[in-house]
Amino acid sequence: QGQPVESGGGLVQPGGSLRLSCAASKSIFSIDVMGWYRQAPGKQRQLVAEITNSDHTSYADSVKGRFTISRDNAENTVYLQMNSLKLEDTAVYYCRVEGRYGLSHIQTAYWGQGTQVTVSS
């Protein structure tokens, strides 16, 4: 019941833009870190960007200057704005939300189900 819900993937041409959204589970009590990861076929899942509860952000070198992560604290939602998309950005994108969940405030993290982003001409 802690899985976040992602949306916004799709097919886009090189140079285009997409915006991904991820809403944390309603069972979350407090959020520490929200992040986006991606996994291309035959490759390991890797961090794309993350944002902490103090709004500190970090990015993979391959997306710096093109992608922007942001969050809406009122909605417990994280966004990934992806501009100037390249063929090599094609992957399944996963949201990860780390925080305290449930009545016991257990510290843990949940992954979203993934959303496909395909960059193709």
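Structure values in brief
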{"item": "Residue among 35, 112, 42 that is more than 13 Å from the chain's Cα centre (by Cα) and of a type in the set (Gly, Ala, Ser)", "result": "42"}
{"item": "Selection count where residues are over 17 Å from residue 70 (Cα atoms) and not in a strand (DSSP E or B), scope region 1-35", "result": "10"}
{"item": "Extreme residue, most open to solvent (accessible area, probe 1.4 Å), among residues of region 94-110 that are farther than 25 Å from residue 83 by Cβ and among the hydrophobic types (A, V, I, L, M, F, W, C)", "result": "103"}
{"item": "Strands (runs of 3 or more DSSP E) wholly inside region 36-81 that include at least 1 residues being at negative phi and aromatic (Phe, Trp, Tyr)", "result": "57-59, 67-72"}
{"item": "Identity of the residue in region 31-85, open to solvent by 40 Å² or more (accessible area, probe 1.4 Å) and hydrophobic (A, V, I, L, M, F, W, C), that ends up modelled with the lowest pLDDT", "result": "74"}
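The values are calculated or read from the model by the stated rules, or taken from the named source; none is laboratory data. Note that the structure is predicted; figures quoted are calculated from it, not measured. Counting neighbours? That spans all protein chains shown, and the Cβs are built from the backbone with ideal geometry, glycine included. All accessible areas refer to the heavy atoms of the entire protein, side chains included, with ligands and DNA or RNA removed. Shrake-Rupley method; radii C 1.70, N 1.55, O 1.52, S 1.80 Å.
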